[in-house]
Amino acid sequence: MDTHYSLVVQNSLDDDHFNEDMDDRHLDYTRQKLNEAWRNYKHTLYKTFVEDEDPSLVKEVAPRNIPLEDWHKFVDYCNTDKFKAMSARNKLNHEQQIMPSSLGRTSVAIARNELALEKGIPESEITRADSYMLIHKPKETVPQSQEVLVTVLNSIKNHISEHPESQYDLSGDAIATVVGPDKRGRFRGLGTGVCKTVLRKGDSLMKKNDGLMEANTLLERRIETIEANMDAKMSRHMEEVRGLFMSQRGTFNDNVPSPHSHASRHSTAPLENAYYIGKDCELRGGWPLELVAIGVVQDVDPNTEYGERTLEEGNFKVYVQVVRRVDAILPFPHNAWQKTLGQVVQGAVIWPEEFLVFASHSSSS
C-alpha cells in the first residue's frame, strides 16, 4: 500500500496541470499534509479492522476502495514482529506522557490565531507561555494522571506573575524555566517547524523585507514626483495651446497658415462660429450616440486643410485631450492610417459640429 500510495502522490504532484500555479513551499506543504492524512488513514484502518483480530478473517474482505492485494500486504505487515514491537513501544510512550496536547488535529497556528481573536489582540502579542498553556490545557474532568500537568501549568502561571518581563525571552521565559530548555531543534509551544534555525533565518528575512519596503517607499515617492512634474508640464502645455487658440479668434478672417497645409486660404465660415474656438467640448459618436472623447475646438474654418482632408462646412477641428472610447470610428479620417480615436490618442480630429456638446452652449443640429 505504501509503494502504491507514494507513486500516486509523487505523480500527482509532478503533474504540470497540478502544480503550474504552486511554488516549492506550497508543494512541500501539500506533500506534508498528504503524508499526515495517509498516516492517520492507516492508523484508522488498523484500529478499526486489524487490531486484536484474526488476520485470516480480516484478509477475506478489503475495506472500500482498497485493492485486495494491497489489503493483504497491509494486514501481513501489521502482524509482523517488527510492527508489534514498534506498536507496543509507541503505546507505552504515549501512556507515559505527562504533557499531552489537547488540540487534537487543530494546528498550533490556528489555535494561536483563535486565541488572539478571542482576546482581541494581534497574534504577535500571544506569548509562548500563552500558546503552551493553550496546547496543554487540561480537560474539565482531570484524571489522577494529569495532576503533574496541572502542577506544571500552575508553576508557569506563578513564574509569569513574578517575572512578567521574561515572557519575551525564549531562553529564559516561564517555559524554559519550569519545563526545561528546548532541545531537538525546536521551541515548545510554537508548533512544528519553529526552531532556532528558523528564527535565525526569519530575522534575516525580516531585515530583507524591511529593506524592500524602504526601497518600495522610495520608488513610490519618485513615481509620485515624476507624475506631479508630468501633470505640471501637461497643464502648462495645455495653457499654451489654449492661449494659441484664443489668439486666433481676433484674426479669424485673416490668412492663417496651417501646419498641415502648403497653401494659404481665407475663411468663409460664419463669424458666429469663431465663438467656439478654444471652447471645451464633448465629442459624441457611435450609435446610439455616446460620449467618446473630450477636447478643445481648434479651428472652424471650412477651408482649413488638415492632413489629407479639408474641414468643409459643418465640421470643426478639435484637439482631443481625453479618449473615452478607443474603438470609436473617426467620422472624417484625415489620413490613411488613423481610423479610430485610439490611434489618435492626443491629437486633432475633424468632427461634425452637430455631434459636439459644449458646457455652456450646445450646438444645434
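The values are calculated or read from the model by the stated rules, or taken from the named source; none is laboratory data. As the structure is a prediction and not an experimental result, all values here were calculated from the model. Note: ideal-geometry Cβ built from the backbone for every residue, glycine included; neighbour counts use all protein chains shown.
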Task: The lone exception for Phe252 - which of (1) of a type outside the set (D, E, K, R); (2) modelled with pLDDT under 85; (3) surrounded by fewer than 14 Cβ atoms within 10 Å (Cβ to Cβ) it fails - done: (3)
Open item on the list: If a residue must be surrounded by 13 or more Cβ atoms within 10 Å (Cβ to Cβ) and either outside any helix (DSSP H, G or I) or at positive phi (or both), how many such residues does the stretch 107-129 contain?
Closed with: 2
Task: Positions within the stretch 67-106 being at pLDDT 90 or above and part of a loop (DSSP other than H, G, I, E, B), in sequence order - done: Pro67, Asn79, Thr80
Task: Positions within the stretch 268-322 being assigned to a strand (DSSP E or B) and either more than 45 Å from the chain's Cα centre (by Cα) or acidic (Asp, Glu) (or both), in sequence order - done: Asp280, Glu282, Glu290, Gln298, Asp299, Glu305, Tyr306, Arg309, Thr310, Asn315, Phe316, Lys317
